[in-house]
Amino acid sequence: MNASMLKRPSALLPLVMSGAALAIVLGHIAVAGIARQPDEGAEAHLWQLLMAGQLPIVAFFAVTSLPQRPGPAMFVLTLQAVAALAALAPVFLLRW
């Protein structure tokens, strides 16, 4: 895999956003525990913004990179999907 594809902001930014969303969830678990909260807090809203905000960036990356270099672009899209699933997993497993 040529690392030049990951140097594109549209490839790297969704990975960073998913990592930040996962860090927010894990930080919330460390501070408040896994119990459901009566009201959504700032952490929940930030998580939602990070997860939804990366969708147009991933779409832009797919539209601009897949036609040029399909192999490396699919690898990056797979990385982005795995990162997003890692950020989604605790939320769904804990049924928040």
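The values are calculated or read from the model by the stated rules, or taken from the named source; none is laboratory data. The shown structure was predicted, so the numbers you read here are calculated from the model rather than taken from an experiment. Note that we place each Cβ from the backbone using ideal geometry, even for glycine, and neighbour counts take in every protein chain shown. What goes into the accessible areas is simple: the full protein's heavy atoms, side chains included, and nothing from ligands, DNA or RNA. Shrake-Rupley method; radii C 1.70, N 1.55, O 1.52, S 1.80 Å.
The table below lists the values:
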item	result
For the chain, alpha-carbon Rg over 2.2 N^0.38 Å	1.21
Candidate residues H28, H45: accessible-area rank, largest first, probe 1.4 Å	H45, H28
Crossing angle, helix 70-93 versus the chain [Cα axis fit, 0-90 degrees, rounded to tens]	10
F92 accessible area, 1.4 Å probe, all protein chains in place, Å² to nearest 10	140
1.4 Å probe accessible area per residue over the chain, in Å²	62
With all protein chains modelled, accessible area of R69 [1.4 Å, Å²]	80
Among M51, M17, M74, residue whose mean-square fluctuation peaks in a GNM of the chain (springs only between Cα atoms under 10 Å)	M74
Inter-site label distance for R36 and V82 at 7 Å from Cα along Cβ, in nm	3.3
Folded to 0 to 90 degrees: helix 42-65 orientation relative to the chain principal axis, Cα	10
Carbon + sulfur, % of accessible area of the chain - ligands and nucleic acids excluded, 1.4 Å	74
Residue-averaged 222 nm ellipticity for the chain, from DSSP H runs of 4+ at -39500 (n - 2.57), nearest 500	-26500 deg cm²/dmol
